[in-house]
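Only one structure is covered here, and it is reproduced in the block below.
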Amino acid sequence: MICTPYKNAKLSDISNPFGANPQWYGGIPHTGVDWVSYYGTPLVAPEDCMIDNIITDENVSEDLAPLTRGYGIIMKGIGGKFHLYWHCQPVFPVGLGQQLKQGEIVAFMGNSGFVMRGGVVIPIEIRSKPPYPGTHVHQEIFTFVNGQRQYEDPLLSIDFSIPIQYNLISSIMIVIKKIINLLLKR
């Protein structure tokens, strides 16, 4: 079983369930679950895992297509399933290949990428200011079958009773150091 993507997440925080097919998706079923909380909410490893990929403008090629979903992180769980969070903030407190325990902070909730509310795109000029409309995390679970992603509903694996405890100060300090290093490189 996996934990929720953040502390105190509840079913009423879901804004778009797995398999939903709203008109604005063009007939494509939703491959994950969208959870709404506050901008900057710490997102945690759903199970013991390894950081498989971090998607930012720093580490994608000239093809920025992956960033249409914003900043993201992919974790490979001990059982071989992959966990993905989209729409994160751009600086992550973890690194590629890092091993994590369930409940450790891996990212912070944001509203990066192509973000909509009620079928309407929220322009960057609006969502970059408080109260940061469109803030949410898109959570996916998938495996690979014949090279293709096979998605499953994260809610079928979540145990809402798993406690989440982490060291927020430590994660924030890591992010601050990364931001300082980025600024020094300019």
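The values are calculated or read from the model by the stated rules, or taken from the named source; none is laboratory data. All of these numbers come straight from a predicted model, not from anything done at the bench. All Cβ positions, even for glycine, are placed from backbone atoms using ideal geometry, and neighbour counts span all protein chains on display. Just the protein is used for accessible areas: all its heavy atoms, side chains included, with ligands, DNA and RNA removed. Shrake-Rupley method; radii C 1.70, N 1.55, O 1.52, S 1.80 Å.
Under the condition of being open to solvent by less than 70 Å² (accessible area, probe 1.4 Å), in contact (Cβ under 8 Å) with a residue 12 or more places away in the chain and in a loop (DSSP other than H, G, I, E, B), the residues counted in segment 108-126 number 6.
Within segment 87-107, the set of residues being outside any loop (DSSP other than H, G, I, E, B) and open to solvent by 20 Å² or more (accessible area, probe 1.4 Å) comprises Gln99 only. Each residue in segment 127-143 was checked for being open to solvent by 40 Å² or more (accessible area, probe 1.4 Å) and basic (Lys, Arg), and 1 of them qualify.
Out of the residues in segment 5-36 meeting the condition of being out of contact with any strand residue (DSSP E or B) (no Cβ under 6 Å at 6 or more places or on another chain) and hydroxyl-bearing (Ser, Thr, Tyr), tell me which one is modelled with the lowest pLDDT. My answer is Tyr25. Within segment 144-164, the presence of at least one residue that is at positive phi and open to solvent by less than 90 Å² (accessible area, probe 1.4 Å) is confirmed. Of the residues examined, Val121 is not one that is among the β-branched types (Val, Ile, Thr) and within 12 Å of the chain's Cα centre (by Cα).
Residues that are at negative phi, of a type outside the set (Val, Ile, Thr), part of a loop (DSSP other than H, G, I, E, B) and within 15 Å of the chain's Cα centre (by Cα) within segment 31-58 comprise Gly32, Ser37, Tyr38, Tyr39, Ala45, Pro46, Glu47, listed in sequence order.
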